[in-house]
Structures are given as structure tokens and as C-alpha cells.
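First comes the structure, then the notes that go with it.
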Amino acid sequence: MPRQPEPDHGPAAEPAGTGIGLAWLLSDMTLVTGMTVLVKMTGTALPSVQVVFLRALIGLLLILPLIWKRRRDLLALHQPWRNGLRVLCNAMALNANFYALAALPLAMVNAIGYLRPIVTMVLSILLLGELIPRARWVGAAGIVAGVAIATGPQIAASLKGGAPGALPLAGLAAAFLSVLFGALALVQTRALRRESPTVMMLFYTLGLTVLTALPAAHAWQPVARETWPALLGIGALAQAGQYCFLRAYRAAEASALAPLSYGSILFATGAGWLFFGEVPAWNLLLGACVILACLLWTWRRTRP
């Protein structure tokens, strides 16, 4: 799923410049693409909640020294219950996303993921009372049209059952659920204006491990020896990607980084073709072009 920048309410961007910010963001996109490839490689051999738990646990082990260093900040959260709700929504989104990645082509999951900013806009109005500029609504309508072009024929074939181009309905449902819960998590993030982004990241990793431990234990399946390298890679790449993501938005303004972040669908399409032989259908390529055009138009109309 394409990442959507989360507002950073910590210190302002460092004077490192846009170039360094773009380099950090490109590193994040590469690492996250690598993680999604590994998730897809594990396939359905393991329950998605088990993969999410192991991803969180490995990430937790990597940042334990930082958690110990900031332990007092973690105990002094301004809104612990909202932080907990954010982690819960993210856990649901990740679980659904990992299931979708195993069941669907990477480019399809990524295309559906572009609905997340639209759902976030609607929820921000309903839950936070935010005002949305008209240009964003126009861009949102175009993005929805692009997603419909990219996914409509495959969804229609899947609903008919057994038709050419059909995809697993459970995988499609998981992709849309990931969008919904991801948007709910982002709305919670926007409401956490007093929290430090670093502390939120630490609480997220710690909370994700705790929340998924019991469900993962209940659904646990033996892990084959040859699967462990992929699982370790998922955890390490996810944590490293999150670090690069935070550094990118500390080094440069979000408006300067947005055009590059929109290219995640190109990364997903390329990875799907390179590693899994997934040749995107013409409608997916056309829909992706519409989505990217609308995103860039919206960015140009709404940037400061």
C-alpha cells in the first residue's frame, strides 16, 4: 500500500535540503518494496497475523535500546488511549494488507491502496471537523475513477466467479479493509498533535507486538527453516523503512517529497514483474496513469 505522509508535530524540517530528503524517501520506498516482495514470497504458508507479529517482534528487538532510552517518554504519553486505538487500527490494516499481498498481484494491492487518502479525507471531516479544499475533492474524484479503471474489470470477473481475470474475493476484501483501517489509523495520528513522532513510532512497534501476540499464538503454524530468512528480512526492512521515512520528512517539506511518493505504484508494478512474472493488464496501467496524473494535479493546485 502506498504510504501517506503523516503529519510531523515534532521539530521542523532540518536544513539538510530537499535532495537529502528525496534520497531518504527513495530508500524508504525501496526498502518497503523489498518487504512486500518478501511478504508475498511467504505466501499463504503462514497466517497473516503470525507474519505481522514476527515483523513487529523483530522490529522491536532492533529498537530495544531506543525504547529503553525513551522509556520515560513512553510512560508520559498525552493520550494513551488514542495511541492504543491508532496501534489497533494499524494492526488490523497490516494484517489485511499482508493477506492481500499474498493473494493478489502487487500492483493491484498498490492501486487499491490509493483509495486510502480519499477515505482519510472523508473520515477527517466526520471525526475531526477538517475543511477540505475544492481542488482536493476534484483530485479525489479523479483518483477514484483511476482506481475503478485499474481494478474494475478484475473485480467484476471475480464477482462472476471463475471468469477470465478473476482474483480471490478474500484477497480483494482484505485490500479494501486495509484501506479502511489504515485511514482510521491516520485520522488518529492527526489527532495526536502533542505527541513526539519518535515516541509514537516506538509505542507503535511495542503496541503492535503486544496486540498481535495472542492472536498469533492462537493461529501459530510451524515455521519452515527456509522461511526464517524472509521473516527476518520483513522485520528488518520494515523497521529500516520506517526510520528512512521519518528522516525524509525531517529533512524536507512534505510538499517537496509528495511527487516521488506517488511513484510507489511504479515500484510495485516493477517488483511484481521482476520477481513474480506479473504482467499488469492494460486497464491497470491506464488506471495507474490516471491516478498519477490526478495526484500530481492536486499537488500542484494545493501546494503552498
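Read the figures in this text as sums done on the coordinates, not as results from a lab. Values in this document were obtained by computation on a predicted structure and should not be read as measured data. All Cβ positions, glycine included, derive from the backbone under ideal geometry; neighbour counts span all protein chains shown.
Structure data summary
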{"item": "Estimated FRET transfer efficiency when R0 is 45 angstrom, pair Val279-Val210 (beta carbons, to 0.05)", "result": "0.65"}
{"item": "Separation in nanometres of the label points that stand 7 Å from Cα toward Cβ, at Ala217 and Ala293", "result": "5.4 nm"}
{"item": "Helix-only mean residue ellipticity at 222 nm for the chain, each DSSP H run of n ≥ 4 adding -39500 (n - 2.57), per residue, nearest 500", "result": "-26500 deg cm²/dmol"}
{"item": "Segment Arg225-Glu130, length gained on full extension (0.36 nm per residue, minus Cα span)", "result": "29.2 nm"}
{"item": "Packing rank of 72-78, 121-127, where each peptide gets the mean count of other beta carbons within 10 Å, highest leading", "result": "121-127, 72-78"}
{"item": "Ordering of 175-184, 217-226 by packing [mean C-beta count within 10 Å, highest first]", "result": "175-184, 217-226"}
{"item": "Diffusion coefficient, µm² s⁻¹, Stokes-Einstein with Kirkwood Rh over alpha-carbon pairs of the chain at 37 °C and 0.692 mPa s", "result": "166 µm²/s"}
{"item": "Per-peptide average of other Cβ atoms within 10 Å, ordering 295-303, 56-64 highest first", "result": "56-64, 295-303"}
{"item": "Extension gain (nm, one decimal) between Leu75 and Leu260, 0.36 nm per residue minus Cα-Cα", "result": "63.0 nm"}
